[in-house]
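Working notes, beginning with the structure itself.
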Amino acid sequence: MKQKVEDLDWKNLGFVYRDLPYRYEAKYRDGEWQEGKLIEDSTLVLSEGAEILHYGQEIFEGLKAYRREDGKINLFRPDENAHRFALSAERLAMPPFPEERFVEAVKQVVLANKEYVPPYASGATLYLRPFMIGTSNVLGVQAADEYTFRIFAVPVGAYIKGLNPADYIVSEYDRAAYAGTGQAKTSGNYASSLLPSVEAHKNGFADCLYLDPREHRYVDEFGGANFYGITQEGQFVTPKSKSILISITKRSLLELAKKQGLNPVERQITLEEAFNMKEAGAMGTAAVISPVGSITYEGKKHVIYSETETGPVTTKLYNELVDIQYGKQEGPEGWVQTID
């Protein structure tokens, strides 16, 4: 059933799927992308032999549309999502969707569903989910020769409400292999994190923190977000690894941290060093920033700054990023694209 805008409670949306009126679809066949268009049907019809069902050729993205105070709508760095989508496609042996068409398709979906972009100051946004799947029939292990690209939209509340410190546990599992698909945004990486996440939630933790898959000495990332820390000397540090997702939020915060004089750097971070950070956080499109209250490892809890309060550096970074996204503050050139 299609979602009716009048039935929405903007302040209590949660982070759940809703069937909005329009989505965008384009097909790849005969060696090229066909012309895409907006459609109303939210269903997909697949053959039982479809490649996605057997060998997992699937990639996706996540980005948001923000209602400004003047009523206009902001997109935050959609060109970066388009580029990462293309990189993910290449890693999964899929034909990249043209980056300019990606951004234009995002804008079409937002405008077609613009009454569902939550009001300014509601704390909610319109979440966009572009994805691509292999659809041709295969039996042997091989890449598909036909693909479907879609973008749908969903109004959502905050994935994690407010700057509330959360407790994490170091996982015994690996999220992705060192030279595997960790840098691509593909469903298999998230499927492998579901069991550890379920176990973490059962034990009262927000999520897992994964270590590098080679030595299990260095911090990689959380199940659904990247890690950053503020050292005792006041430096912004975040892991550099071949097995973690290329994060647009992380790239943005690296620039803001530089502006704020935090001398940011990407490098290996030992687990022991992470325990001794002055502040730490999980960063991503859905979470924005979620402060780390504690990290538990081998039964011992290590508190980072505080389990009840957010550190001043994290608060300042969060406020500046969110203000740019909502148009309250001007960001670096090209970060925001405004549409009516």
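Before moving on, here are some points about what is shown:
- Whichever residue in the range 27-52 is among the acidic types (D, E) and closer than 14 Å to V109 by Cα and, among such residues, is least open to solvent (accessible area, probe 1.4 Å): D41
- For G204, the requirement of being open to solvent by 40 Å² or more (accessible area, probe 1.4 Å), modelled with pLDDT of 95 or more and in a loop (DSSP other than H, G, I, E, B) is met.
- Verdict on A143 being open to solvent by less than 10 Å² (accessible area, probe 1.4 Å) and touching a strand residue (DSSP E or B) at 6+ places or on another chain (Cβ under 8 Å): no
- Members of the range 43-94 that are touching a residue at least 12 places away in the same chain (Cβ under 8 Å), over 21 Å from I244 (Cβ atoms) and in a helix (DSSP H, G or I): E51, I52, H54, Y55, P78, D79
- Look at (1) in contact with a Lys or Arg (Cβ under 9 Å, 6 or more places away or on another chain); (2) assigned to a loop (DSSP other than H, G, I, E, B); (3) modelled with pLDDT under 95 and you find that S192 fails only one, number (2).
- Residue check for Y326: modelled with pLDDT of 95 or more, crowded, with 21+ Cβ neighbours inside 10 Å and either of a type in the set (F, W, Y) or farther than 20 Å from K258 by Cα (or both): no
- Qualifying positions in the range 272-323 - within 24 Å of E199 (Cβ to Cβ) and part of a loop (DSSP other than H, G, I, E, B): A286, A287, E298, G299, I304, E307
- The range 253-263: number of residues that are closer than 25 Å to A158 by Cβ, in contact with an Asp or Glu (Cβ under 9 Å, 6 or more places away or on another chain) and part of a loop (DSSP other than H, G, I, E, B): 1
- Residue among Y55, Y24 that is within 20 Å of K185 (Cβ to Cβ), touching a helix residue (DSSP H, G or I) at 6+ places or on another chain (Cβ under 7 Å) and either loosely packed, with under 15 Cβ neighbours inside 10 Å or aromatic (F, W, Y) (or both): Y24
- Hits in the range 217-276 (condition: among the β-branched types (V, I, T), more than 16 Å from the chain's Cα centre (by Cα) and either buried (at least 20 other Cβ atoms within 10 Å of the Cβ) or within 22 Å of F205 (Cα to Cα) (or both)): V219, I230, V237, T238, I269, T270
- For the range 120-166, residues that are aliphatic (A, V, I, L, M) and at positive phi total 1.
- Condition check for L195: free of Cβ contacts under 8 Å to residues at least 40 places away in the same chain, open to solvent by 10 Å² or more (accessible area, probe 1.4 Å) and farther than 24 Å from E272 by Cβ: yes
- Any hit, the range 152-162, residues being open to solvent by 10 Å² or more (accessible area, probe 1.4 Å), under 22 Å from E272 (Cα atoms) and aliphatic (A, V, I, L, M): no
- In the range 296-312, the residues that are among the charged types (D, E, K, R) form Cβ pairs under 6 Å with partners that are part of a loop (DSSP other than H, G, I, E, B) and buried (at least 17 other Cβ atoms within 10 Å of the Cβ), at six or more places apart or across chains, as follows: E307/P165.
- In the set T315, T285, T296, only one residue is modelled with pLDDT under 95, of a type outside the set (F, W, Y) and open to solvent by 10 Å² or more (accessible area, probe 1.4 Å); that residue is T285.
The values are calculated or read from the model by the stated rules, or taken from the named source; none is laboratory data. These numbers come from a predicted model, not from an experiment. Counting neighbours? That spans all protein chains shown, and the Cβs are built from the backbone with ideal geometry, glycine included. Remember, those area values only see protein heavy atoms, side chains included, never the ligands or the DNA or RNA. Shrake-Rupley method; radii C 1.70, N 1.55, O 1.52, S 1.80 Å.
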